[in-house]
Amino acid sequence: MSEPNESNREHWRERSQTWAKSAPQGKTQDDTFNQMIIAEAGIRPGEAVLDIATGTGNPAVSIALSMDGQGSVTCCDLEPAMLETARGRAVNLSIPIMRFAAGDMTRLPFADNTFDCVTCRFGLMFPEDKVSAAREVLRVLKPGGRVAYVVWDTYENNPPFIVPRRAVADFFGEKDGPPPSRHSMSAPGILRGILDGAGFLRTEERELRYKNRVEDPKEYVSKGLKRSFTKKVEGLAPDRLAALEEAVLKAWQPYMEGAILQVPNCARLGLGWKAA
Ligand SMILES: C[S@@+](CC[C@H](N)C(=O)[O-])C[C@H]1O[C@@H](n2cnc3c(N)ncnc32)[C@H](O)[C@@H]1O
């Protein structure tokens, strides 16, 4: 097996601090998307679930809350500091069934045939060898178990990225760059091809659209800038930062419904089963 990619590890280590600051302390504010994943994956109380590339605990915390204290949800991520944030959320919410293990998804630190279901929200874009990563999931699934992968659809279909990035580029008089690599799996069929290549059965792939309801758009913009444009905002004088926040808020105007910001998102879901 190949060595984990060091620049990917370094990237997430650096980001873990800003992710910790913008993560919820407990429940996810608008849980619509996590609930869609739970329903699509058919997760039931009593199951052993593994959430890989869990970051600060999405969808793991929502899955654990849906399980009524029965079964287990194991959170796995390359970056231990991400897991600490997820663990803090589990403690604040007094969830006893959550477990935590740092690890690379291409060499999972679990025995064969351990889990009923594996979820992975916005993680499969990162390992170089995605088919190997999917084979690792197949290995740790019990016979008859299933995986639910979620990856981003196109940049154009995802205002959470395109709206602030264009507004930030305009503000600094720069050009918006090419679509970020997080959208590299957006073409229909890529995800299913990986699942088929790894040996999953009854594979499916489809689009998942949802709207994220934001009750405090100002806070959303401010946290988003600190999280996704950390280097750009770090050195800004307070009045320039306020002007930037105002510019990004203005760019969100077409998506306001009264006082609520409704942020459309588009992802792709891939499902596959291990032979029984
Ligand atoms: C975009 S975040 C997604 C986090 C969370 N699932 C969510 O949807 O908010 C990607 C996460 O994948 C993790 N990651 C990146 N490469 C990984 C790998 N090879 N193995 C395990 N986790 C990885 C990062 O540390 C990061 O927490």
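Bear in mind that the values in this text are calculations on the coordinates, not laboratory data. Fair warning: this is a prediction, and the values are worked out from it, not measured in the lab. Here the Cβ positions follow ideal geometry from the backbone for every residue, glycine too, while neighbour counts run over all protein chains shown.
Quick one: S94 ticks every box in (1) surrounded by fewer than 22 Cβ atoms within 10 Å (Cβ to Cβ); (2) over 16 Å from the mean Cα position of the chain (by Cα); (3) part of a helix (DSSP H, G or I) except a single one, so which number is it?
S94 satisfies all of (1) surrounded by fewer than 22 Cβ atoms within 10 Å (Cβ to Cβ); (2) over 16 Å from the mean Cα position of the chain (by Cα); (3) part of a helix (DSSP H, G or I) except (3).
What are the residues in region 170-184 that are away from the ligand (no atom under 16 Å from the Cβ) and either touching a Lys or Arg at 6+ places or on another chain (Cβ under 6 Å) or touching a residue at least 24 places away in the same chain (Cβ under 8 Å) (or both), if any?
D170, F171, F172, D176 - these are the residues of region 170-184 that are away from the ligand (no atom under 16 Å from the Cβ) and either touching a Lys or Arg at 6+ places or on another chain (Cβ under 6 Å) or touching a residue at least 24 places away in the same chain (Cβ under 8 Å) (or both).
What are the residues in region 159-208 that are of a type in the set (V, I, T) and part of a helix (DSSP H, G or I), if any?
If the condition is that a residue be of a type in the set (V, I, T) and part of a helix (DSSP H, G or I), then I162, V163, V168, I190, I194 are the ones that fit.
Among T106, T85, which is the only one that is near the ligand (Cβ under 10 Å from one of its atoms), of a type in the set (S, T, Y) and over 11 Å from T54 (Cα atoms)?
Selected residue: T106, the only one of T106, T85 that is near the ligand (Cβ under 10 Å from one of its atoms), of a type in the set (S, T, Y) and over 11 Å from T54 (Cα atoms).
Checking G144 against (1) among the small types (G, A, S); (2) under 18 Å from the mean Cα position of the chain (by Cα); (3) under 21 Å from G199 (Cβ atoms); (4) part of a strand (DSSP E or B), which test does it fail?
Condition not satisfied by G144: (2).
Enumerate the helices (runs of 4 or more DSSP H) found wholly within region 1-75, keeping only those where 1 or more residues are surrounded by 15 or more Cβ atoms within 10 Å (Cβ to Cβ) and touching a Pro at 6+ places or on another chain (Cβ under 6 Å).
32-41
Per-residue answers, yes or no, for (1) within 10 Å of the ligand (Cβ to nearest atom); (2) free of Cβ contacts under 8 Å to residues at least 60 places away in the same chain; (3) not acidic (D, E):
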site	(1), (2), (3)
A101	no, yes, yes
A111	no, yes, yes
T119	yes, no, yes
P159	no, no, yes
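Consider A187 carefully, then state whether it is small (G, A, S) and either without any contact (Cβ under 8 Å) to a residue 60 or more places away in the chain or within 14 Å of the ligand (Cβ to nearest atom) (or both).
Criteria met by A187.
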